[in-house]
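**Student:** Here it is, the structure, as structure tokens.
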Amino acid sequence: MSERIVVVGYGACGRATVEALIRRNRGTVAVAQRTRPTDLPQTIEFRPCDVLDPGAVQQALFGATQVVLSIGLPYDSRVWRTAWPRAMTNVVEACAATGARLVFIDNLYMMGPQREPLREDMALSDYGAKPAIRSEVTRIWMAAASAGRARITALRPPDFYGPGVGLSHLGTSTFGALAKGKPAFLIAPPDTPHDFAYVPDIGRAVVTLLEAPDDAFGRAWNMPCAPTRTPREILRLGAEALGVKLRIRTVPLSLLPVLGLVSPFLREVAEMRFTFDRPYEVDASQFKRRFWSDVTPFDIGAPATARSFPADAPSAQSVALA
């Protein structure tokens, strides 16, 4: 039977996954989401799908042998509280019915506040709304995998960046601003070490899991990243590539709760400030031992990302978080 892969969601990571699948010539590939992407390659099938509609999900995943879940939802805990569990349940049930394997591009919120590098075996956290919701979602797919109802694995990247990725801490508001000769704007301390995953590497890692045997499923894998640096160090590489002086404007983390009183977006960011008020590192040693460790260094990724933003691009209104 020929392989049929459906990628649900065509944001930055979904697009990188499709590009990696095309390079690997991995059977028939389809993209499923509510509206057809304007830049979808002609060789890729489109399947309309609302992940909150179980019937639509069943129809979109019909005939799939493997599924990649790469959706993003509005950065709003009120939306996440109902939409994330519903979306995960719908996709898990569709995979259980069809026998398709599922690779979920997750994040690391469910680990909550930590003072050491994040590991896959850390207990799920109920600290704050968004970490608690991501923990609930994790329990949904893990329960189905443990019961043998579906073959599921999760790839857990931290904050990500890459060419053309505007909605990122290292996106339009930072590298994009530098490309326009303006100061980079960070909702994070510029000198606290923080891991960032390069989006093309994420696409490669997803394909690695799609090609892995079943014993790689039923668990989560942390995404490997380049050696940890600070946002200032990464942005400096981009500024040098652009030939501009690095200037940075920041929002002090202590002000986020106050600013959140008038800004819904900053109110949502405030509860996640533990990801930037301390060094934020990911232990991806298990993935590296099993698969590969040659991730893209910042010396290559940062200049490529900075150069991808045109000097006349519109300014971003906000930064989207994972």
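Taken together, the values in this text are just the output of simple stated rules run on the coordinates, not laboratory data. Small disclaimer: the values here were computed from a predicted structure and weren't measured. Reconstructed Cβ throughout: ideal geometry from the backbone, glycine too, with neighbour counts over all protein chains shown.
**Student:** Rounded to whole Å and sorted largest first, list the principal axis extents of the Cα atoms in region 86-223.
**Tutor:** 53, 31, 26
**Student:** Below 8 Å, C-alpha to C-alpha, sequence gap of six or more: please give me the relative contact order for region 178-282 in percent.
**Tutor:** Taking the mean separation of contacting Cα pairs over the length of region 178-282, I get 46 percent.
**Student:** Same structure, new question: About the Cα centre, and with charges only on the beta carbon of Lys, Arg (+1) and Asp, Glu (-1), how big is the dipole of region 144-271? Nearest 20 debye, please.
**Tutor:** 420
**Student:** Turning to a different aspect of this structure: Taking loop as defined by DSSP and a crowding limit of 13 other beta carbons within 10 Å, which trypsin sites (Lys or Arg not before Pro) in region 36-138 fit?
**Tutor:** The qualifying sites are 115.
**Student:** Which trypsin sites (Lys or Arg not before Pro) does region 225-262 hold that lie in a coil by DSSP with at most 14 other beta carbons within 10 Å?
**Tutor:** Passing both the DSSP loop test and the Cβ count: 245, 247.
**Student:** For region 64-144, state the average projected area of the convex hull of the C-alpha atoms over all orientations, rounded to one decimal in nm².
**Tutor:** 5.6
**Student:** Got the relative contact order for the chain handy, in percent, Cα pairs under 8 Å and 6 or more residues apart?
**Tutor:** 20
**Student:** While we're here: Any chance you could get the radius of gyration and Dmax over the Cα atoms of region 33-100, in Å?
**Tutor:** 12.7, 37
**Student:** Classify region 1-76 from the C-alpha gyration tensor, please: rounded if a/c falls under 1.5, else prolate or oblate depending on whether a/b exceeds b/c.
**Tutor:** The shape class here is oblate.
**Student:** Give the Kirkwood hydrodynamic radius (Å, one decimal) of the chain, defined as one over the mean of 1/r across all pairs of different Cα atoms.
**Tutor:** With all distinct Cα pairs of the chain included, I get 20.0 Å.
**Student:** Percent of Cα-Cα pairs more than 25 Å apart in region 164-310, please.
**Tutor:** 36
**Student:** Moving on to the next point. When the scattering of region 1-42 is computed by the Debye formula from its Cα atoms alone, each counted once and equally, what is log10 I(q)/I(0) at q = 0.33 Å⁻¹?
**Tutor:** The Cα Debye sum returns log10 ratios of -1.34.
**Student:** Using the beta-carbon distance between residue 22 and residue 254 and R0 = 51 Å, what value does 1/(1 + (r/R0)^6) give for FRET efficiency, to the nearest 0.05?
**Tutor:** E between residue 22 and residue 254, to the nearest 0.05, is 0.65.
**Student:** Return an integer: the convex hull volume of the alpha-carbon atoms of region 195-276, in Å³ per residue.
**Tutor:** Convex hull of Cα atoms, per residue: 153 Å³.
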